[in-house]
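First the structure, in the form of structure tokens, and then the observations on it.
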Amino acid sequence: MLNRRNLFNLGLWGSASALLSWPVLRAATRSASALRPVLTPFLDRLPLPPEPHAIDWSPNQLPFSDLDPEAAKHVDPTQVKGKVTFYRIVAEVRSVKFHAQLPATEIWGYRDGNLPAGQSWTYALGPTFRRPLSNHNAFAGTIVRHENNLPSVQEHRGFGEPRSSVHLHGGHQEARFDGFPTDITLPDGTAFKVTFERGEHFDYAYPLVEPGFFTDGNHGKHTERASTLWYHDHIIDFTAPNVYRGLAGFFLVHDTPIPDPADPNAAALVVHMRDTGDETNAAGAPFALQLPSGDFDIPLVLQEKTFGLNGELIYDVFNTDGFLGEQSLVNGMVQPYLPVKRRKYRLRFLNGSNARIYQLFLADKNGRTYPMKQIATEGGLLSRPVVRPSFLLGMAERIEVVIDFSQFPFPAFSELYIENRLLQNEGRGPEGKFERPELAARGRQLLKFQLEEAVPDPSRVPDVLRPFDAVSALELSTAPVRSLVFERTNGQWAINGKFAGDLDRAMVTPQLGVGEIWRLVNKSGGWWHPIHIHHEFARVLKRNGKLPFDGTGPDFGQSLERDGLAKKDTIVLGPNSEVEVFVKFENYRGPFVFHCHNLEHEDHAMMARFDVV
Amino acid sequence: MLRRRRFAAAVVLAPWALHEPALAAPSALPPGRADFPNVLLLNQDGRAIHFYDDLIRGDHTVAINFIYAQCGDICPMTMANLAKVQELLGDRLGREVRLASISIDPVRDSPAVLKGYAERFDVRAGWQFLTGRPNDIDLIRRTLGVYDRDPAKDRDKSQHTGMLVYGNQARGRWSRVSALADPRRIVASITRWT
């Protein structure tokens with residue numbers, strides 16, 4: 001429906017229409033009106049959703065009287081062994097502004113369920129968790145009660161399925177708390193019920209301990225420390241529309257600066273307490289890196305949406321190649337701006353799009369580009385920083401960079417942009433190869449930095465971040481090798497010749513604590529598949545027979561992934577690619593999944609179950 | 001109009017009420033008549049079936065796959081699998097769930113040919129076999145997104161989609177499942193809104 005307000009924003013795509021890709025045109029013909037709002041970029045400030053409010057509790061007075069017994073195993077009600085932190089997150093229908101020139105849009109979103117009276121949640125994203133790693137204390141973790149206040153499955157009309165299962169992406173947690181996409185019966189006959197509907201809730205326990213803690217007796221692999229996690233809906237067959245409607249948020253993990261005095265291995269831990277989230281290092285941790293923190297540590301999720309003239313979300317339910325939106329959003333706002341001081345910033349990029357792959361540049365208004373210093377992937381800090389001209393970012397990948405805005409003095413520089421130059425016209429993937437993506441001379445500016453005054457900057461980026469050893473030759477030599485071949489036959493996804501998507505039984509059954517080499521093979525021609533393996537980070541050993549990129553040699557933006565430098569939970573398979581990774585699942589047995597993170601591929605069964613046995 | 005009046009009232013009475021959630025437009029309406037071709041098809045009994053009006057429209061699940069009688073590749077396996085689905089559906093078939101197998105070789109697949117083909121799988125009422133004009137069937141495939149972008153591959157019938165496209169028009173939910181998946185997985189998918 002047109003109203004007077006929208007007429008101001010009405011326009012045709014004009015010259016831009018020549019650039020419109022075929023799927024966009026096809027999507028456009030599907031809605032009642034093919035007219036789309038034309039939006040002026042950089043009118044809105046970048047939203048930064050705050051942390052949720054923890055629910056305080058006294059010994060022996062749990063905040064939830066009906067706490068799930070499985071989650072309760074991670075709680076010491078007396079608080080003697082540790083105090084778990086509780087949160088409540090509500091999935092709800094709400095109305096948000098995606099752009100100053102758009103009417104409000106109805107979305108599905110997570111909000112802080114423990115907001116102080118009088119406060120409302122106006123963000124398109126869920127709250128940004130910022131949680132310390134629990135080191136060796138399994139009772140000092142985090143419990144999140146997720147409540148479903150979406151419409152009922154029966155009432156809902158439109159795309160998406162209002163049934164919930166929440167995945168903490170990059171987290172190391174029990175199978176029960178991993179957001180398995182559907183309810184199943186386990187091999188021993190017990191029911192594994194993990195999805196919930198309107199009026200129901202589910203308690204997720206995230207101990208945030210180091211992998212290996214439970215299996216090798218207090219000697220965790222101290223380097224397995226993630227930094228930028230995110231949580232999102234993970235329901236079977238409908239993750240793409242549900243995440244597109246807004247069910248996503250950040251979950252950032254940092255090292256505790258102070259060791260637990262009760263931990264017998266505390267002394268050995270100190271050297272690993274590096275990413276403490278405090279650039280001033282007030283706690284005096286001897287190995288703290290002092291990376292930019294607080295207001296200078298900015299998570300950025302890149303997403304795409306298509307809006308109708310009344311601000312409504314438009315989604316093409318029949319496009320299963322992968323949905324590309326017409327508008328580019330950062331943190332739930334169309335092409336926003338961020339005022340920045342002339343000092344160092346830590347920027348955490350997450351590709352939260354359904355099917356768009358990005359190649360990001362830091363550019364000035366004339367298109368001249370400047371290098372960025374990459375410090376992390378989804379597996380946490382690199383062993384050393386790598387200066388990069390640009391970087392590729394597949395769906396669900398995270399890349400953290402530090403940009404020093406003091407290098408851009410007044411008055412020559414007043415603004416800089418994050419620009420995506422990767423050519424991609426269809427959901428199946430961008431142009432070119434993984435090793436050499438095809439770029440446009442200029443791309444869309446996703447985010448504008450408005451440079452302000454210079455300020456004191458106590459932060460640092462040392463030359464060594466979190467060093468760790470690559471998997472040893474000995475361990476590799478004894479590791480069983482599995483091939484997982486991703487194919488497309490008769491328009492269907494198959495893994496190892498079996499039509500994928502059967503979550504009633506495991507496709508592979510790795511043993512707890514035994515490392516394996518997985519050969520991920522993409523035989524399909526033009527298709528790109530970012531493969532996400534739940535449960536543990538993978539070590540990338542080989543890509544197309546060669547050592548993976550480690551930042552030396554020509555840098556065309558390809559993922560920095562070589563073992564010893566980086567750890568990954570999402571591995572981008574370009575067309576006709578073969579990547580060898582090492583995985584070792586620790587602590588938790590049970591059913592998990594690996595899948596393509598092109599959300600439309602994931603929903604159409606490009607997923608398989610693995611059981612850690 | 002109601003919406004505009006409410007909007008105006010909100011401005012007059014309380015400017016802060018602009019954030020009232022009721023003002024947001026609901027997300028795109030479920031695909032309806034304008035989004036589907038309402039082409040004329042014939043079923044295995046020679047009865048006229050309008051694709052949208054008679055098959056899609058309404059609060060039931062419709063599950064569609066594409067076949068042809070001479071198909072020796074995936075069709076026999078697919079059809080045998082869907083026959084198991086038919087069995088599992090029991091009396092929900094035809095009421096809550098409609099199955100449709102549409103020929104991609106409509107010139108050869110006359111209603112009589114399809115009737116003979118359907119009999120091989122003990123097809124019951126509620127599972128229709130449809131043929132029609134080639135262009136119309138192409139339009140249906142394109143609308144449902146089940147075709148290959150590569151025109152040569154798309155013409156190659158042996159590579160036609162093995163997906164079962166299913167959805168509920170009134171509820172606006174659409175998805176796909178492999179027609180070769182475990183029949184229980186297929187039934188769980190196509191009965192999730194009943």
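Any read-out appearing in this document is the output of simple, stated calculations on the displayed coordinates, not a laboratory observation. The model shown is predicted, which means the values in this text are computed figures rather than measured ones. Glycine also receives a Cβ, built like all others from the backbone with ideal geometry; neighbour counts cover every protein chain displayed.
By count of other Cβ within 10 Å, fewest leading, how are B:75, A:596 ordered?
B:75, A:596
When you count, for each residue, the other Cβ atoms within 10 Å and take the mean per peptide, how do A:427-435, A:173-181, A:453-461 rank with the highest first?
So the peptides A:427-435, A:173-181, A:453-461, ranked by packing, come out A:173-181, A:427-435, A:453-461.
Can you give the three extents of the C-alpha atoms in the range A:34-122 along their principal axes, from longest to shortest, in whole Å?
59, 25, 22
What order do you get for A:247, A:476 when you list them from fewest to most C-beta neighbours inside 10 Å?
Ascending number of Cβ neighbours within 10 Å: A:476, A:247.
Give me a single rounded figure for A:310-323: the average over its residues of other chain Cβ atoms within 10 Å of their Cβ.
5
By per-residue mean of other Cβ atoms within 10 Å, what is the highest-first order of A:507-518, A:248-259?
Peptide ranking by packing, descending: A:248-259, A:507-518.
Using a 7 Å offset from Cα along Cα-Cβ at residue A:455, what residues in the range A:272-291 end up with backbone N under 16 Å from the label point?
In the range A:272-291, the label zone of residue A:455 (backbone N under 16 Å from the point 7 Å along Cα→Cβ) covers A:278-281, A:291.
Sorted by mean Cβ packing within 10 Å, highest first, what order do the peptides A:130-141, B:151-162 take?
Taking the mean over residues of other Cβ atoms within 10 Å, the ranking is A:130-141, B:151-162.
Relative contact order of the range A:388-542: what whole-number percent is it, with Cα pairs under 8 angstrom and at least 6 residues apart?
Once normalised by length, the contact order is 21 percent.
Which value at 222 nm does chain A reach when only helices count, each DSSP H run of 4 or more adding -39,500 (n - 2.57), with the total divided by all residues and rounded to the nearest 500 deg cm²/dmol?
So the helix-based figure for chain A works out to -1500 deg cm²/dmol.
Using modelled amide H (1.01 Å from N, peptide plane; none on Pro or chain starts), what sits under 5 Å from the amide H of residue A:129, excluding residues fewer than 5 places away?
A:250, A:251, A:252
Per residue of B:167-176, how many C-beta atoms from partner chains lie within 10 Å of its own C-beta, taken as a mean?
6
Quick one: check the C-alpha center-to-center distance for the range A:79-139 versus the range B:58-74, whole angstrom.
44
Set the Förster radius R0 to 56 Å, insert the Cβ-Cβ distance between residue A:473 and residue B:92 as r into 1/(1 + (r/R0)^6), and round the FRET efficiency to 0.05.
Between residue A:473 and residue B:92 the formula returns 0.45.
Averaged across B:138-144, how many Cβ atoms of other chains sit within 10 Å of each residue's Cβ atom?
Mean partner shielding for this stretch: 1.
For an R0 of 22 angstrom, estimate the FRET efficiency from the Cβ-Cβ distance between residue B:84 and residue B:135 and round to the nearest 0.05.
That gives a FRET efficiency of 0.10.
Enumerate the calculated ³J(HN,Hα) couplings along the range A:428-434 in order (Karplus 6.51 cos²θ - 1.76 cosθ + 1.60, θ = phi - 60°), each rounded to whole Hz, writing x wherever the residue is Gly or Pro.
6, x, x, 7, x, 10, 4
Given Cα pairs under 8 Å that are at least 6 residues apart, what percent is the relative contact order of chain A?
Relative CO of chain A lands at 13 percent.
List the pair-distance distribution P(r) of the range A:364-489, using every Cα-Cα distance, as the percent of pairs falling in each 5 Å bin from 0 up to the bin containing the longest distance, rounded to whole percents.
Values per bin, smallest distances first: 2, 7, 13, 15, 17, 15, 12, 8, 5, 3, 2, 0.
Would you mind working out the magnitude of the charge dipole of the range B:27-162 relative to its Cα centre, with +1 at each Lys and Arg C-beta and -1 at each Asp and Glu C-beta, to the nearest 20 Debye?
60
Could you give the dipole magnitude of the range A:226-306 about its Cα centre, charging the beta-carbon of Lys and Arg +1 and that of Asp and Glu -1, in debye to the nearest 20?
For the range A:226-306, the charge dipole is close to 180 debye.
Kindly work out what percent of the DSSP beta bridges joining two residues of the range B:33-186 are antiparallel, to the nearest 5.
Among the beta bridges of the range B:33-186, antiparallel pairing accounts for roughly 55 percent.
Starting from the amide H of residue A:451, placed 1.01 Å from N in the peptide plane, find each other amide H under 5 Å away whose residue is 5 or more places distant or on another chain.
Those qualifying (amide H under 5 Å, at least 5 residues apart or on another chain) are A:340, A:415, A:416.
Express the relative contact order of the range B:26-141 as a whole percentage, based on alpha carbon pairs under 8 Å and six or more residues apart in sequence.
Worked out over the range B:26-141, it gives 33 percent.
Using only Cα positions of the protein assembly as shown, each an equal point scatterer, no hydration layer, compute I(q)/I(0) via Debye at q = 0.08 Å⁻¹ and quote the log10 values to two decimals.
-0.68
List the equivalent ellipsoid semi-axes of the range A:314-360 in whole Å, largest first, each obtained as the square root of 5λ for an eigenvalue λ of the Cα gyration tensor.
Each semi-axis is √(5λ); the values are 29, 12, 7 Å.
Can you list residues from other chains, or at least 5 along the same chain, whose modelled amide H is less than 5 Å from the amide H of residue A:489?
A:494
Which ³J(HN,Hα) values, rounded to whole Hz and listed in residue order, are derived for the range B:89-95 from phi using the Karplus coefficients 6.51, -1.76 and 1.60 in 6.51 cos²θ - 1.76 cosθ + 1.60 with θ = phi - 60°, glycine and proline given as x?
Residue by residue, the range B:89-95 yields 5, x, 7, 6, 4, x, 9 Hz.
If you count the DSSP beta bridges with both ends in the protein assembly as shown, what percent of them are antiparallel, to the nearest 5?
Antiparallel: roughly 75 percent of the beta bridges in the protein assembly as shown.
Which value in nm describes the separation of the simple spin-label points at residue A:489 and residue A:80, placed 7 Å from the Cα toward the beta carbon?
The modelled label-to-label distance comes out at 6.1 nm.
Provide Rg over Rh for the range B:65-194; use the alpha carbon set for both Rg and the Kirkwood Rh (inverse mean inverse pair distance).
We get a ratio of 0.94 for the range B:65-194.
Convex hull volume of the Cα atoms in the range A:508-613, per residue, in Å³?
101
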